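The structure under discussion appears below in the form of structure tokens.
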Amino acid sequence: NVKDYEGVIDATKTSLKVKQLAAQLIPRFFKFFPNLSSRALNAHFDLIEEEDLAVRVQAIRGLPLFCKDTKEYISKIVDILGQLLTADEIVERDAVHKALMSVLRQDVKGNIAPISFASSMGKKMLGLSRLVNELYCLVNAESLTALFKHIWNVEEPSQDDTIRDKVLCFIRDKVFPLKAELLRPQEEMERHITDLIKKSLGDVTGAEFRMFMDFLKSLSIFGEKAPPERLKELIGIIEGQADLDAQFDVSDADHIDRLISCLFMAIPFFVRGAPGSKFLNYLNKHIIPVFDKVTYYFMISITATNLPEERKLDLLKALAEISPYTTPQDSRQVLPSVVQLLKKYMPRRKTGEETNFTYVECLLFSFHHLAHKAPNASNSLCGYKIVTGQPSDRLGEDFSEYHKDFTERLSSVEDLTRATIKKLTQGMAEHNKAMAAAKSDEAKDNI
């Protein structure tokens with residue numbers, strides 16, 4: 001009766017053993033005394049803050065029972081458990097993990113009922129079943145929403161950042177691997193967690209963004225049979241992280257690194273047919289024109305130096321990998337910039353400077369695919385006229401001088417390539433000969 005339950009609540013102010021017992025009984029009979037809910041919750045929360053570890057652990061274990069039959073407390077319980085993820089004691093932290101998983105799992109069990117209901121009642125009840133299914137989905141959605149709020153709501157950075165990091169680790173290690181079990185009904189819950197992740201991307205590190213994107217790629221709604229609009233949604237997320245609407249600053253090394261990372265992250269979706277126009281236009285408008293002027297500022301030194309060669313190479317590699325999947329319109333816009341870079345790195349005559357063959361390889365690969373997509377554009381740029389079978393093949397100016405210039409550059413690169421191959425071949429032969437003559441491991445190591 002009521003007096004007995006009040007006695008249990010009051011027992012939270014007595015000895016340690018009695019407190020442990022109260023931590024078991026308060027949540028077990030909580031649903032039968034709604035008028036005492038506020039007192040019961042506050043008393044139980046006090047037990048969570050007890051100095052004695054055994055009392056705290058018992059109180060944490062009881063938290064899922066508060067929302068098993070009283071769903072209105074889900075957000076509050078998940079919020080408290082999220083804060084408790086920072087616990088120092090292993091046994092306490094383990095209890096928090098199990099309690100959180102228990103809340104998520106018990107919500108899923110409720111979601112299964114409407115599915116069985118639909119199959120038993122037939123097609124006439126399908127519409128009603130879907131409505132009921134959505135209502136059940138809201139329950140599980142509420143627990144996930146409460147958990148994700150710790151990621152995007154950071155009011156006190158010093159304290160909340162720690163909670164945020166712990167919640168992120170919990171989601172990565174416990175929630176994501178069990179998506180097939182926890183995200184039910186599948187389509188509705190995958191849609192919901194996608195929206196939660198998108199809301200969490202306002203301030204994430206590169207590693208956190210990759211973690212979220214890897215998870216989104218694993219969802220069925222973004223799987224191999226996903227419609228174009230779903231791929232476009234993923235590309236939109238990556239474009240937002242790359243900050244393609246911002247004015248480009250050649251001294252912003254962080255933005256350059258983020259842009260390159262996002263470019264490579266987006267390539268698999270370009271392969272599947274997602275649009276890459278925004279990335280290509282950004283490269284064409286902001287990056288390629290200042291390719292050799294991009295600067296890199298070290299965090300400590302105020303002196304600017306050239307961007308490391310590997311970052312430039314990453315940009316060219318990304319451009320090369322995107323080029324086979326461009327549209328004719330995008331190819332036509334980007335091709336002039338690629339040709340200009342090619343002319344810079346393919347000298348017309350030997351200059352004595354070392355040729356960057358990797359740059360040339362990337363640019364020639366890009367040129368080949370872009371020109372194939374926009375065959376009418378190459379003639380005016382480098383004199384290469386690609387026959388398309390259209391009446392326009394017989395029209396146009398004479399670009400033979402451009403053709404001669406470009407051909408000489410290609411011939412120069414070809415000669416340099418032959419010479420380099422010959423030098424490498426000779427070097428390898430001498431190396432192999434020296435290794436064969438070496439009589440000890442130390443001598444081989446020195447070679």
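The values are calculated or read from the model by the stated rules, or taken from the named source; none is laboratory data. Computed from a predicted model, the values in this text were never measured in an experiment. So basically every Cβ, Gly included, is an ideal-geometry build from the backbone, and we count neighbours across all protein chains shown. Just the protein is used for accessible areas: all its heavy atoms, side chains included, with ligands, DNA and RNA removed. Shrake-Rupley method; radii C 1.70, N 1.55, O 1.52, S 1.80 Å.
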Residues (open to solvent by less than 20 Å² (accessible area, probe 1.4 Å) and in contact with a Ser or Thr (Cβ under 8 Å, 6 or more places away or on another chain)) located in the stretch 27-36: Phe30
Any hit, the stretch 278-296, residues being open to solvent by 40 Å² or more (accessible area, probe 1.4 Å), of a type in the set (A, V, I, L, M, F, W, C), at pLDDT below 80 and assigned to a loop (DSSP other than H, G, I, E, B): no
Pair list, Cβ under 8 Å, 6 or more apart: the stretch 397-416 residue in contact (Cβ under 8 Å) with a residue 60 or more places away in the chain, other residue among the β-branched types (Val, Ile, Thr) and open to solvent by less than 90 Å² (accessible area, probe 1.4 Å): Val413/Thr355; Val413/Val360; Leu416/Thr355
Qualifying positions in the stretch 339-373 - under 21 Å from Lys404 (Cα atoms), hydrophobic (A, V, I, L, M, F, W, C) and over 29 Å from the mean Cα position of the chain (by Cα): Val339, Leu341, Leu342, Met346, Val360, Leu364, Phe367, Ala371
Any hit, the stretch 130-139, residues being over 21 Å from Tyr73 (Cα atoms) and at pLDDT below 90: yes
Test: residue in the stretch 4-26 that is outside any helix (DSSP H, G or I), farther than 26 Å from Val175 by Cα and either polar (S, T, N, Q) or open to solvent by 40 Å² or more (accessible area, probe 1.4 Å) (or both): yes
Top-ranked residue in the stretch 245-264 [being in a helix (DSSP H, G or I) and of a type in the set (D, E, K, R); ranked as surrounded by the fewest Cβ atoms within 10 Å (Cβ to Cβ)]: Asp254
The stretch 92-105 residues that are touching a residue at least 60 places away in the same chain (Cβ under 8 Å) and assigned to a helix (DSSP H, G or I), paired with ones that are of a type outside the set (A, V, I, L, M) and surrounded by fewer than 18 Cβ atoms within 10 Å (Cβ to Cβ) (beta carbon under 8 Å, 6 or more apart): His97/Lys174; Leu100/Lys174; Met101/Lys174; Arg105/Glu181
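So that you can scan it fast, the table gives a plain yes or no per residue for (1) open to solvent by less than 20 Å² (accessible area, probe 1.4 Å); (2) more than 20 Å from Phe148 (Cα to Cα):
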| site | (1), (2) |
| --- | --- |
| Met189 | yes, no |
| Asp195 | no, no |
| Val204 | no, no |
| Ala207 | no, no |
| Ser220 | no, yes |
| Glu224 | no, yes |
| Pro228 | no, yes |
| Glu233 | no, yes |
Top-ranked residue of the stretch 354-386 - restricted to ones that are of a type in the set (S, T, N, Q), over 30 Å from Leu424 (Cβ atoms) and in a helix (DSSP H, G or I), ranked as least open to solvent (accessible area, probe 1.4 Å): Ser378
Some residue of the stretch 387-396 being open to solvent by less than 60 Å² (accessible area, probe 1.4 Å), farther than 30 Å from Asp314 by Cα and of a type in the set (S, T, N, Q): yes
Answer from Phe406, Phe399 - the residue that is at pLDDT 90 or above and aromatic (Phe, Trp, Tyr): Phe406
Failed condition for Ser392, given (1) modelled with pLDDT under 80; (2) assigned to a loop (DSSP other than H, G, I, E, B): (2)
Residues located in the stretch 39-53, provided they are over 20 Å from Ser143 (Cα atoms) and surrounded by fewer than 15 Cβ atoms within 10 Å (Cβ to Cβ): Asn42, Asp46, Glu49, Glu51, Asp52, Leu53
Test: residue in the stretch 69-79 that is open to solvent by 40 Å² or more (accessible area, probe 1.4 Å), touching a helix residue (DSSP H, G or I) at 6+ places or on another chain (Cβ under 7 Å), outside any helix (DSSP H, G or I) and without any contact (Cβ under 8 Å) to a residue 40 or more places away in the chain: yes
Residue within the stretch 28-41 that is at pLDDT 95 or above, within 21 Å of Ile171 (Cβ to Cβ) and not acidic (Asp, Glu) present: no
